[in-house]
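Right, one structure below, let's go through it.
Laboratory data are not the source of any read-out in this text; all were calculated from the coordinates shown. Keep in mind that this is a model prediction, so the values were computed, not measured. Glycine gets a Cβ as well: all are built from the backbone with ideal geometry, and neighbour counts include every protein chain shown.
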Amino acid sequence: MNRMTDTEKAYETAKAAYAAIGVDTDAAIATLSALPISVHCWQGDDVSGFDSPDALSGGIMATGNYPGKARTPEELMSDIDLAFSLIPGRKKLNLHASYAVFEKGEWADRDAIEPRHFEKWVRFAKERGIGLDFNPTFFSHPKAADGLTLSSPDEEIRRFWVAHGIACLRISEYFAEQTGFPCVMNIWIPDGYKDTPADRIGPRERFMRSLDEILGAGYDREKVKVTLESKVFGIGVESYTVGSSEFCQSYVLTRGIVPLMDNGHYHPTELVSDKISAVLLFNKNLALHITRGVRWDSDHVVRFDDETKEIAKEAVASGRLSDIFFALDYFDASINRIAAWVIGCRNLQKALLCALLTPHDRLKALQDRGDYTHLLAESEEEKLLPLGAVWEKFLSESKAVSDYMKAIDRYEADVLSKR
Ligand code: RNT
Ligand code: ZN
């Protein structure tokens, strides 16, 4: 008697269709299942954090007022648990320094935070067998109120933020030691000017010196992967950004740290998918913030769209998938925040699966032979292969449901609506 479920039957058909173009669907699923995606804690509370009442600053913005935003560490952890249960495959949790959890009556400023302020997050990660990534928070703080941190001409301010960076290195090492997974620590500063600056080189020189001072404090390079994220502009700093693309590319190459490209951080016609191969040739690792900019760095929820697919394709076709650290970075406050996590993460995973199911060697050979006609024909025809059946098989293998909205709707009615 044939006991195959519909999912399995559809998968067998899909497997044969992909095998006909030389693609092994089992291998694609295995690779995707082992690839960790770093899920950003800050989608759950519109980047508010717990360490200060300061409004979100730094030229980034979450818009919308959908009810149910997490207000405490416990609420955020509970929301993350639901999201993680609905996201297939391997996950890491990406924290910001502003998510320190203080005991009652206790508080430490950003230059003085310690590993113990993140003990609850470490327990959370260990209980779930996941790794932690980290980000110093150079925004939403009185000492970042004029928009300058590591590049500030005010030596006291600059030193404060250098101390913050060093404190975060210690916390990142602690994360790696405790969880057993390397911690990616990403440095992004909002520094820049609204109008054309009189001095462009000075702030960049100070930023360079500050970064050297942070890295000079020393850290275990096996445990902590320090990344540097560039940006083209932010709200209120439209004319000049200290950590521009050229600055960051040059800095990471000369200091042996990791470049981070956020696909919302370039001019709208510039594509990160085209930059990946160039950067990979000169760097051992590359970190990505997967987001969706609509007209600007608006941080909309990631869709299964052409650029997400092309980024995934480049990651796979380059043969360097395991050298790339994938993280999500968006914050939409206008829809259910748990759904935002799940939808965006699943879309990145769909794009990766699509890339893993593409016969890259075959297509490369067509390109090298100059047969652009067959290259176009084959790549267009492959778009209609039964990707959905392989996706369903991946979901069932990782015990993630297809209809995730059912659980989210229930949680909204039972928990979120009561906040
Ligand atoms: C901002 C950067 C940065 C932040 C997070 C919260 O433009 O993309 O990565 O979004 O650190
Ligand atoms: Zn980012």
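Where does the Debye-calculated log10 I(q)/I(0) of the range 1-152 sit at q = 0.10, 0.14, 0.16 Å⁻¹, using only Cα point scatterers of equal weight, no solvent?
Evaluating at q = 0.10, 0.14, 0.16 Å⁻¹ gives log10 I(q)/I(0) of -0.52, -0.80, -0.94.
Counting every Cα pair in the range 120-161, what percent are over 11 Å apart?
68 percent
Taking the alpha-carbon centroid of each part, what is the distance from the range 246-270 to the range 136-182 in angstrom?
Here the two parts' Cα centres lie 19 Å apart.
Note the full-extension length gain between Gln367 and Glu213 as 0.36 nm times their separation in residues minus their Cα-Cα distance, in nm to one decimal.
Working it through step by step, the gained length comes to 50.8 nm.
Once the Cα atoms of the range 103-212 are picked out, what are the Rg and Dmax in Å?
15.9, 52
Using bins 20 angstrom wide from zero, how does P(r) for the chain break down, in % of all Cα pairs?
The calculated distribution, bin by bin, is 26, 57, 17, 1.
Measure nothing but the geometry: give the 0 to 90° angle between the long axis through the Cα atoms of 73-86 and the longest principal axis through the Cα atoms of the chain, rounded to 10°.
20 degrees
Are there any GluC sites (Glu not before Pro) in the range 74-171 that are in a DSSP loop and have at most 16 other Cβ atoms within 10 Å? List them by number. Can you show the working numbers first?
Working: sites: Glu74, Glu75, Glu103, Glu106, Glu119, Glu127, Glu155, Glu156; in loops: Glu103, Glu106.
Of the GluC sites (Glu not before Pro), the ones in loops of the range 74-171 whose Cβ has at most 16 other Cβ atoms within 10 Å are Glu103, Glu106.
Cα axis of helix 25-34 to longest principal axis of the chain: angle in degrees, 0 to 90, nearest 10?
Compared with the principal axis, the helix lies near 20 degrees.
Give me the extension gain from Asp154 to Lys383: residue separation times 0.36 nm, minus the current Cα-Cα distance, reported in nm with one decimal.
Taking Asp154 through Lys383 to full extension adds about 76.9 nm, to one decimal.
Just going by the charge dipole of the chain, with Lys and Arg at +1 and Asp and Glu at -1 on Cβ, which of Leu82, Tyr372, Phe50 is farthest out on the positive end?
Of the candidates, Leu82 comes out farthest on the positive side.
What pairs in Lys15/Lys223; Lys15/Lys364; Lys69/Lys313; Lys284/Lys364 have C-alpha atoms more than 31 Å from each other?
Numbers: Lys15/Lys223 39 Å; Lys15/Lys364 22 Å; Lys69/Lys313 34 Å; Lys284/Lys364 23 Å.
Over 31 Å Cα-Cα: Lys15/Lys223; Lys69/Lys313.
Could you size up the charge dipole of the chain around its Cα centre, putting +1 on the beta carbon of Lys and Arg and -1 on that of Asp and Glu, and report it in debye to the nearest 20?
640 debye
For Arg3 and Leu281, what does the FRET efficiency come to when R0 = 45 Å and r is the distance between their Cβ atoms, rounded to the nearest 0.05?
On the way: r = 50 Å, r/R0 = 1.11.
E(calc), rounded to 0.05, equals 0.35.
The range 1-78: which trypsin sites (Lys or Arg not before Pro) are DSSP loop and have at most 15 other beta-carbon atoms within 10 angstrom?
Working: sites: Arg3, Lys9, Lys15, Lys69, Arg71; in loops: Arg3, Lys69, Arg71.
Passing both the DSSP loop test and the Cβ count: Arg3, Arg71.
Could you tell me what % of all Cα pairs in the range 279-419 have separations over 24 Å?
Numbers: 4367 of 9870 pairs.
So the pairs more than 24 Å apart make up 44 percent of the total in the range 279-419.
Could you work out how far helix 387-397 tilts from the main Cα principal axis of the chain, as a 0 to 90 degree angle to the nearest 10?
Here the helix axis deviates by roughly 70 degrees.
Run the numbers for Arg410 and Val294: contour at 0.36 nm per residue of separation, minus the present Cα-Cα distance, in nm. Let's see the in-between values first.
Working: separation 116, 0.36 × 116 = 41.76 nm, distance 3.04 nm.
Once the chain is fully extended between Arg410 and Val294, it gains 38.7 nm.
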